[in-house]
Amino acid sequence: MNKGRRNFLKNSGLFTAAGFLPLEFTFLNNFLDVTDFDPETSFLIKNAHIISMDEQVGDLEDASILVMNGGISQIGSNIVPPEGIMVIDGSGAIVMPGLIDCHWHLWTSLLRSMAGYSEGQGYFPMTAAYSKYYTKEDMELAARYAAAEAINSGITCLSDFNHNARKPSFVMASCNALAEAGIRAQVLYGGYRDQPGSEATHFGGIREVLQEIRGNEKYKLLELGLGSRGTGYENLAEDWEKARDLNMGIAIHASSVEAQKGQIQHLADKRLLGKDVNIIHGNAITSSEIQLLKETDTSLTMTPYSEMRIGYGFPPVNRLYSAGVNLAVGVDTTPLSGNADLFSVMKLLLNLANAEAKEEFYMKPSEVIKMATINGAHALGMGHITGSLTPGKRADLIMLRKDDLNFSTGNQPKSLIVEAAQPMNVDLVAVNGKILKKDGRLTNLDSEKLISEAKVAFQRLKRAVANSK
């Protein structure tokens, strides 16, 4: 479809799960089953500015989006909702896909800003010390605490790299918390901080968890992946072969610092790269390795706040972006990043890119929004179900109201999203059509109770670490 015709159609009709319906044929909606709906996962947002992140749908002003039974049914003007469905007035608001965080160690959320500023108190020794005293209950609480912050911040999908996976129950604890929170997630079964290099990866536990989440409707929004050992692990190729036989996505920390330069090449030499792989960090990536990622459709996730805080250096966003690598973003770990604000991450990457290029117009806001939405969905193997507001996809979306001091003027919505928006501007969050935040308040989780529980758990962990010295 040429651009002129597409723009004409956008301005004069509807996009539906069945395809485009010009306005003059909207009576055909009578033949769509829009009368039988689940009230908990069905609603209409009207009169909003829609940022779809779908090239065919585009951006629409004063438009509506109809969600039916958890899926996006229609986007456009003059949508007539079925009788009795919830109608939300989006006047003056921006509706966009939910943000996607492609790298986060949720279990560390109880240790917010605990990475110290001396050798023995740095991130790695600190988390290693605390990790030994976590219980299954702590793992579940930490994941629930992080999920609440994620939802509150407009994140509808995340990848939890669980590298305190001491036993299957520690991973299932995270799965339970995420499922009950209602967020979409990839859970990566990893190792643990003091795991001996000679100890084999726990594929017995992986299969146990995989069987549980694939066989239980409770975990329908979760997928299990492999949180890979490092490139120096001798059985790495065998691990990845097993994971791929189980249809699991794979994530690995690689080429984070200069001393690790060449790790991505090592993966390529073993023919391990591919579209099911998400490289984490890559700050020391070489030009030839960037080309390998592009050629193999391998994704890379940047976590700029943690990378800069720990001294990995600046993310090489311009070299990766100019080569066409699929780039995603993440929080990584709140002991380093402090919070789960992906709006701030987008703003930082935009400014870093333009500063490095010494060019005001090098990176556009739409490009970093892609990294936090549709690119992230592709990195997690979920591009067919989330990441954009596309009829037929699941309704993972957020609405930002322009009635706060920091977010109330201007008419460039994508610039506002990247440069001005904060978690407090997120008025509504829906995942799979279920509203998890409305009128600025969480609907599915008790934040005050979680804060209290997290404080108690942290104090107990702190005492345990202190008593061990």
Requested in this report: Provide 118, 344, 299 in ascending order of the number of other Cβ atoms located within 10 Å of each residue's Cβ, fewest first.
Outcome: 118, 344, 299
Report summary line: Simple SL model, points at 7 angstrom along Cα→Cβ for residue 241 and residue 291; separation in nm is 2.9
**Report entry** Those chymotrypsin sites (Phe, Trp or Tyr not before Pro) in region 305-391 that DSSP places in a loop and that have at most 12 other beta carbons within 10 Å
**Finding:** 361
Report task. Among 114, 86, rank each residue by its count of other Cβ atoms within 10 Å, from fewest to most, as a rough exposure measure. Result -> 86, 114
Query raised in the report: Suppose every K and R has +1 on its Cβ and every D and E has -1 on its Cβ; what is the size of the dipole of the chain about the Cα centre, in Debye to the nearest 20?
Result: 640
Query raised in the report: In debye to the nearest 20, how big a dipole does region 99-379 give about its Cα centre with +1 on each Lys and Arg Cβ and -1 on each Asp and Glu Cβ?
Result: 180
**Report entry** Degrees between helix 236-245 axis and first principal axis of the chain (Cα, 0 to 90, nearest 10)
**Finding:** 40
Report task. Work out the FRET efficiency for residue 207 and residue 128 from their Cβ-Cβ distance, taking R0 = 22 Å, and round it to the nearest 0.05. Result -> 0.20
Query - Cα extents of region 187-322 along the three principal axes, largest first (Å) - result: 42, 33, 30
Query raised in the report: If we count other beta carbons within 10 Å of each Cβ, what is the order of 409, 16, 301, fewest first?
Result: 409, 16, 301
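Figure the gain on full extension for residue 443 and residue 384 (residue separation times 0.36 nm, minus the Cα-Cα span) and round it to one decimal in nm.
Extra length available between residue 443 and residue 384 comes to 18.5 nm.
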Report summary line: Given pairs 132/167; 275/347; 347/393; 167/455; 220/434; 402/449 and cut-off 18 Å on Cα-Cα distance, the over-length ones are 275/347; 347/393; 167/455; 402/449
**Report entry** 25 °C / 0.890 mPa s Stokes-Einstein diffusion coefficient of region 56-194, Kirkwood radius on C-alpha pairs, µm²/s
**Finding:** 140
Report summary line: In the chain, taking the dipole from +1 charges on Lys and Arg beta carbons and -1 charges on Asp and Glu beta carbons about the Cα centre, the listed residue (50, 329, 405) farthest towards the positive end is 329
Query raised in the report: Are there chymotrypsin sites (Phe, Trp or Tyr not before Pro) in region 131-183 that DSSP marks as loop and that have at most 16 other Cβ atoms within 10 Å, and which are they?
Result: 133
Report summary line: Taking only C-alpha positions in region 99-379, Rg and Dmax in angstrom work out to 17.6, 52
**Report entry** Inter-site label distance for residue 469 and residue 275 at 7 Å from Cα along Cβ, in nm
**Finding:** 5.1
Query raised in the report: Where in the chain lies the longest segment free of GluC sites (Glu not before Pro) that are both loop residues by DSSP (not H, G, I, E, B) and have at most 14 other Cβ atoms within 10 Å?
Result: 235-358
Query - C-alpha long axis of helix 3-12 to longest principal axis of the chain, angle in ° - result: 70
Report task. Take the alpha carbon atoms of region 178-217, find their radius of gyration, then divide it by 2.2 N^0.38 Å using N residues; give the quotient. Result -> 1.44
Query raised in the report: What is the log10 of I(q)/I(0) for the chain, computed with the Debye formula using one identical point scatterer on each Cα and no solvent, at q = 0.07 Å⁻¹?
Result: -0.35
Requested in this report: Round to a whole angstrom and tell me the spacing of the C-alpha centers of region 428-469 and region 157-214.
Outcome: 19
Report task. Mind giving me the nanometre distance, one decimal, between the label points for residue 404 and residue 456, set 7 Å out from Cα along Cα→Cβ? Result -> 3.0
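No value in this document is a laboratory result; all are computed from the given coordinates. If you're wondering where the values come from, they're calculated on a predicted model, not measured in any experiment. So basically every Cβ, Gly included, is an ideal-geometry build from the backbone, and we count neighbours across all protein chains shown.
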